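The values are calculated or read from the model by the stated rules, or taken from the named source; none is laboratory data. None of these values were measured; they are calculated from a predicted model. Here Cβ is always computed from backbone atoms with ideal geometry, including for glycine, and neighbour counts include all displayed protein chains. Only protein heavy atoms, including side chains, enter the accessible area calculation; ligands, DNA and RNA are left aside. Shrake-Rupley method; radii C 1.70, N 1.55, O 1.52, S 1.80 Å.
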Amino acid sequence: MKPVRITCITVAALLLILTLVLLLAPARVESTRNVVIPHSDYQISAAARRLHDSLVIGDLHADSTLWHRNLLQRGDRGHLDIPRLREGNVALQLFTAVTKSPRGHNVYKNSKDTLDNITLLAMAQTWPLATWNSLTARALHQGQRLTQMEQEAPEQFQIIHTAKELERLLARRSKGETIVGGLLGIEGAHALDGKLSNIDVLFDAGFRTMGLQHFFDNKLGGSLHGEEASGLTEFGRQAVDQMLAKDIIIDLAHSSTQVIKDVLEHSQKPVIFSHTGFYGHCQSHRNVSDKLMQRVAKAGGLIGVGYWDGAVCGTTPKDIVASIRYGIDLLGEDHVALGSDFDGTVAIPLDASELGVLTDEMLKANFSETEIRKVMGENMMRFLRENLPAN
């Protein structure tokens, strides 16, 4: 009997250790990846606060559904949750599902065959077994998290699928409700698992934007950070056609230069860069040329300015605003928006509750009120009204 008792105790101890690892490891990983750069409290003028409180604010990129947090509760790590979005006066947040990320990824060159970080994260966070092998399942799981949030707290959060639903959200906010809207997107169409039919699957699950690539080349074409620098493949053209037919908004934030050119030549609808910077302002490999940005804007597109050093070549709110200023001067005030990359494994100088500092810095930099209103959200709302499915 004694050996049996020892065995049971050992098994119980191992199970306890495993449980602690599953509970604590994801939190520790996120705490080292989604960093708010330490700073003293931002001092915001009364004029900036009044203006900020009157804005309709939207952001084109956050990876928050990747992480093991209850987004309905105010967290002590990461950049974003619903309470902090409400504190920042955000009306609409685009949440992008990350489904694969190569081990040791960087902005220069990554192999599509490198070991995948998200598989380990999915296991550690006890995602459903289907997500361990299927990238589509990973996207669907992240979308379901948001759907569940909407069901649990409809007074706090509403998923937007159509232009009509967007108008309802904005009408509720105009009456004083602090509800936050959420839009679903994917970061990299490798989430299709190589099947065009999964475009319909993801659309039916609520996804309305699709990035074509992330940090590696995929079946649709080359990544800005891949090995081939190739353009759209035949599969990629078919996927783009199907996305456009369903009024899915195409995101080129991580696509190769040739993919960007191919999409601009192929598509009759405008595209977005959900999170990026301007190469002429910040000569980072993360950013594409000003000439291509001008083509995107000429075709009616929208550029979301990121908050991290590799996008804006700086680590302060003032640096973000300087990049926004450059973008307006380059493209015009109708084509620049916010594209934070909240919770996207970046270090940034503010979380979602602190967005008022951007309004303050724009006033200090002599932005017009019209420019501030457009960049902070009106451009995003207009773009979505014009490009989401109507009903």
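Looking only at region 237-270, filter to residues that are assigned to a helix (DSSP H, G or I), over 12 Å from Ile199 (Cβ atoms) and not aliphatic (A, V, I, L, M); which one of those is most open to solvent (accessible area, probe 1.4 Å)?
Glu265
When residues of region 162-177 are filtered for being farther than 16 Å from Asp59 by Cα and either outside any helix (DSSP H, G or I) or open to solvent by less than 10 Å² (accessible area, probe 1.4 Å) (or both), how many remain?
4
Can you spot a residue in region 333-349 that is farther than 13 Å from Met362 by Cβ, in contact (Cβ under 8 Å) with a residue 12 or more places away in the chain and part of a helix (DSSP H, G or I)?
No; the residues of region 333-349 include none that is farther than 13 Å from Met362 by Cβ, in contact (Cβ under 8 Å) with a residue 12 or more places away in the chain and part of a helix (DSSP H, G or I).
Suppose we filter Ala205, Ala122, Ala130, Ala139 for residues that are open to solvent by 20 Å² or more (accessible area, probe 1.4 Å), of a type in the set (Gly, Ala, Ser) and either under 20 Å from Leu71 (Cβ atoms) or touching a Cys at 6+ places or on another chain (Cβ under 6 Å) (or both); which single one remains?
The match here is Ala205.
Regarding region 286-308, can at least one residue be identified that is assigned to a loop (DSSP other than H, G, I, E, B), closer than 23 Å to Gly356 by Cα and free of Cβ contacts under 8 Å to residues at least 60 places away in the same chain?
Scanning region 286-308 turns up at least one residue that is assigned to a loop (DSSP other than H, G, I, E, B), closer than 23 Å to Gly356 by Cα and free of Cβ contacts under 8 Å to residues at least 60 places away in the same chain.
Within the set of pairs 6 or more residues apart or between chains, which connect a residue that is in contact (Cβ under 8 Å) with a residue 40 or more places away in the chain inside region 255-276 to a residue that is among the acidic types (Asp, Glu) with Cβ atoms less than 6 Å apart?
From residues that are in contact (Cβ under 8 Å) with a residue 40 or more places away in the chain, the pairs are Ile272/Asp251; Ser274/Asp251; His275/Asp341.
Collect the residues in region 304-322 that are closer than 18 Å to Tyr108 by Cα and more than 17 Å from the chain's Cα centre (by Cα), keeping them in residue-number order.
The one that is closer than 18 Å to Tyr108 by Cα and more than 17 Å from the chain's Cα centre (by Cα): Cys313.
Whether any residue in region 90-112 is within 30 Å of Glu177 (Cα to Cα) and of a type in the set (S, T, N, Q) is what I want to check.
Yes, because at least one residue in region 90-112 is within 30 Å of Glu177 (Cα to Cα) and of a type in the set (S, T, N, Q).
Return yes or no: is Val346 farther than 27 Å from Asn387 by Cα and at pLDDT 95 or above?
yes
I need every pair where a residue in region 35-54 that is touching a residue at least 24 places away in the same chain (Cβ under 8 Å) has its Cβ under 7 Å from the Cβ of a residue that is assigned to a loop (DSSP other than H, G, I, E, B) and of a type outside the set (Gly, Ala, Ser), sequence separation at least 6 or different chains.
Listed pairs, sorted by first residue: Val36/His79; Val36/Leu350; Val36/Asp351; Ile37/Thr315; Ile37/Pro349; His39/Pro349; His52/Asn89; Asp53/Asn89.
For region 316-332, give me the residue count where each residue is outside any helix (DSSP H, G or I) and of a type in the set (S, T, N, Q).
Within region 316-332, residues that are outside any helix (DSSP H, G or I) and of a type in the set (S, T, N, Q) number 1.
Just a yes or no: is a residue in region 75-98 more than 23 Å from Tyr307 (Cα to Cα) and out of contact with any Ser or Thr (no Cβ under 6 Å at 6 or more places or on another chain)?
no
Return the only residue of Ser323, Ser340, Ser289 being open to solvent by 10 Å² or more (accessible area, probe 1.4 Å) and hydroxyl-bearing (Ser, Thr, Tyr).
Ser289
Determine whether region 180-200 contains at least one residue that is surrounded by fewer than 23 Cβ atoms within 10 Å (Cβ to Cβ) and of a type in the set (Ser, Thr, Tyr).
yes
For region 22-75, give me each residue that is of a type in the set (Asp, Glu) and either open to solvent by less than 40 Å² (accessible area, probe 1.4 Å) or part of a helix (DSSP H, G or I) (or both).
Residues satisfying the conditions are Glu30, Asp53, Asp59, Asp63.
Which residue, of Asn366, Asn391, Asn387, is at pLDDT below 95 and open to solvent by 20 Å² or more (accessible area, probe 1.4 Å)?
Sole residue among the options that is at pLDDT below 95 and open to solvent by 20 Å² or more (accessible area, probe 1.4 Å): Asn391.
Mind checking whether some residue in region 79-96 is part of a strand (DSSP E or B), buried (at least 18 other Cβ atoms within 10 Å of the Cβ) and aromatic (Phe, Trp, Tyr)?
There is at least one residue in region 79-96 that is part of a strand (DSSP E or B), buried (at least 18 other Cβ atoms within 10 Å of the Cβ) and aromatic (Phe, Trp, Tyr).
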